[in-house]
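Here the structure comes first, spelled out in C-alpha cells, and everything after it is commentary.
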Amino acid sequence: MAIPVGATRGRSSQRSAVLKLGLPAVGEQLLSLMVGLVDTYVVGHLSLEVATANGYDRQVALAATGISSQVTWTLITFFMAVALGSTVVIARFIGAGEREQANQTLRQGLIIGLAMGLLGLFLAYAFAPQLMDLLGANEQVRRYGAGYLRISSLSMPLMAMLYVGNAALRGSGDTRTPLKVMLVVNGINAVLSLLLVNGYLGFPALGINGAAFAAMSGQGVGGLIVLATLIRGRSGLQLNQIPRPNRSLMWRILRQGLPYGAEQFIFQAALLIFIHLINDIGTAAYAAHNTIITIESISFLPGMGMAVAATTLVGQHMGANQPQAASESGFEAFRLGAIFMSAIGLLFVIAPEVFLRFFVADEEVVRLAALPLRMVGFAQPALAANFIFSGSLRGGGEPKWPLISKMLSVWCVRLPLAWLLVKHFDLGLNGIWLAMCTDFAVQGTLAWWRFRQGKWQSAKV
C-alpha cells in the first residue's frame, strides 16, 4: 500500500513513515543477503572429504565462489539500474495519483529488465573463464569459479524479473510483498545449499556447484512468484496487459536508472584492479577479504532498508509537490539508519573473531580478517550517510551526483591509497581496508553535503 504522503507531518510522523517502509525493506535486504551468507557459511564449512574429492581445498572454494559472485554482481548492475529507475518513476506517479502511468512504467521496466537479464546470461555463460581471468584468479580458482558462474547465471532472466518487480512494488509503497518473496527465495537456497554442497540425506555431494545450483533455483522461483503476483495485481500495480514498448517511459526509467548502473559498473571496474591487489597478497588474504565483505553486508542492512524508504518517500513527496516533507524524510531515514548501523558496528569492534569463526573454520583467515573487520565497525556512520543520502538524492530525481561522487572517491582515493599502503608500506589486507574505510568517509560526506544543499528539489523526473 502507498504511504499517504499528504499525511506525513512532523518528526514523529516522518519516523513512522520511514519505519513502515524501511523495516520490511531491511528484512528483504537481509533475506537477499542470506543467499550469499548461506553460500559462504556452507562453502566455508565444506567437508574435507568432499573438497578433496573435487580437487580443491576450502580456501580455493571460498575464493572461487567469491570471485564468481563478484562477476555476477558486476553483470546484474544492468538490471539493477532498471529496477532503481522503475522505483523512482513509479513513486513519482503514485505520489501524483497517476496509477495508470505507474502501471505503464511497470510494463516498460519489465521489458527492459528481461533484455538485460538475457544479456547478462549470455555474457556470464559464454565468457565465464575470461571473466575469472579479469579478476586475476589463478588456474584452480579460475576453473572452479567458471563452473559456479555458469550454473548460477542460468536464472539471470528471472532474476531480472525478481529485481524489477520488487522494485516496482517498493515504488508503490509496498515493501512487505518483496519481503515475503525473498523469504521463499532464501528458503529454497538455504535448503538446497545444505543438502547439495556436502551431500546430506542421500543427495549428491556437489561441492561449490551445489551452492551455485541452490542460488540459481531460489532466484528463478522468486522471479516467477513476482510475475504471478503482479499479474494478479498488488498495491495498485497490475500486469494486466501484454507489455508493449513505450519509448518515452523507457527513457524516463533509463534516465533515472542508468547513472546508478554506471555508478555500479565504474565501482565494479575499480574492483577489478582492487582484487588484483588482494590476489597478489595471497589466496588466504582473498578468502579473508571475501569473508569480511560477507559479514560487513550485515551492517549494510539497516542503511539499505532506510535508503529504500528514503527513495520511495522522497519520490512520492516530490510527486505530491511537498519538497519540505521530502527533505525531512531523507534526514529522518539517515538518523534511524545511522543508529542501527552504529550498533552493529560496535559489535564488530568488540568481537570480530566471533563473527569470523561463524563463517569460516580456517584460523589463518580469521587472523587476517580481524583488524579489518574492526575498521569496518568504526566506518558505520559514514556508510549510513552514503547509502541513505544517495538513496534520497535518487528519489529526488538527482541520480548523477552519487555517480560523480563514487567515481571521484573510488578512483582518486580508494585505489591510489590502497596501492600506496600495500605496495610501499606493505600493510597487506589491513592497508586494503584502511583505504576502503577512507573511501567510505569521503562518499558519505559528499552525499550528505549534496542532499543538504537542496538543489535536487528542482530536478525533473
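Per-structure values
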| item | result |
| --- | --- |
| Region 318-461 - charge dipole about Cα centre, Lys and Arg +1 at Cβ, Asp and Glu -1, debye rounded to 20 | 580 debye |
| Whole-Å semi-axes of the ellipsoid equivalent to the chain (Cα gyration tensor, √5λ, descending) | 35, 26, 19 |
| Dipole of the chain [Lys/Arg +1, Asp/Glu -1 at C-beta], most positive-end residue of Ile404, Leu373, Leu106 | Leu106 |
| Check: region 76-207 dipole with +1 on Lys, Arg Cβ and -1 on Asp, Glu Cβ, in debye | 140 debye |
| Around Ala309: net Lys/Arg minus Asp/Glu count, Cβ-Cβ under 14 Å | +2 |
| The chain - mean residue ellipticity at 222 nm from DSSP helices (-39,500 (n - 2.57) per run, n ≥ 4, rounded to 500) | -27500 deg cm²/dmol |
| Relative contact order of region 314-461, pairs being alpha-carbon contacts under 8 Å that are 6 or more residues apart, as % | 28 percent |
| ³J(HN,Hα), Karplus 6.51/-1.76/1.60, whole Hz, each residue of region 265-273, x for Gly, Pro | 5, 5, 5, 5, 4, 5, 5, 4, 5 |
| For Met216, net neighbour charge (Lys/Arg +1, Asp/Glu -1) across residues whose Cβ lies under 14 Å away | 0 |
| Under 5 Å, built H, 5+ apart or other chain: amide partners of Leu237 | none |
| Solvent-free Debye scattering, log10 I(q)/I(0), computed from the Cα coordinates of region 105-196 at q = 0.14, 0.21 Å⁻¹ | -0.67, -1.04 |
| Cα-projected label distance for Arg374 with Ala228, points at 7 Å along beta-carbon direction, nm | 5.0 nm |
| Calculated log₁₀ intensity ratio I(q)/I(0) where the Debye formula runs over C-alpha points of region 156-289, q = 0.10, 0.17 Å⁻¹ | -0.52, -1.08 |
| Cβ-placed point charges (K, R +1; D, E -1), dipole of the chain about Cα centre in debye, nearest 20 | 1780 debye |
| Contact order relative to length of the chain, as percent, for alpha carbon pairs under 8 angstrom and 6 or more apart | 22 percent |
| Charge dipole of the chain about the Cα centre (unit charges at C-beta), most positive-ward option of Ser68, Asn198, Leu301 | Leu301 |
| Ranked by how many other beta carbons lie within 10 Å on average, peptides 299-309, 13-23 from highest | 299-309, 13-23 |
| Overall dimensions of region 245-321 by Cα: Rg and Dmax, Å | 18.2, 54 |
| Around Gln104: net Lys/Arg minus Asp/Glu count, Cβ-Cβ under 15 Å | +4 |
| Percentage relative contact order, region 163-215, counting C-alpha pairs under 8 Å, at least six apart | 25 percent |
| Under the Debye formula (equal points on every Cα, no solvent term), log10 I(q)/I(0) of region 83-125 at q = 0.15, 0.31, 0.32 Å⁻¹ | -0.42, -0.98, -1.01 |
| On Cα atoms only, tilt of 156-171 relative to the major axis of the chain in degrees | 40 degrees |
| Cα-derived Rg to Rh of region 223-281, Kirkwood definition | 1.25 |
| Nearest 10 degrees, 0 to 90: helix 10-44 Cα axis against the chain principal axis | 20 degrees |
| Potential extension, Phe127-Trp251 segment - 0.36 nm per residue separation minus Cα distance | 41.7 nm |
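Bear in mind that the values in this text are calculations on the coordinates, not laboratory data. These numbers come from a predicted model, not from an experiment. Heads up, the Cβs are rebuilt from the backbone with ideal geometry, glycines too, and the neighbour counts pull from every protein chain shown.
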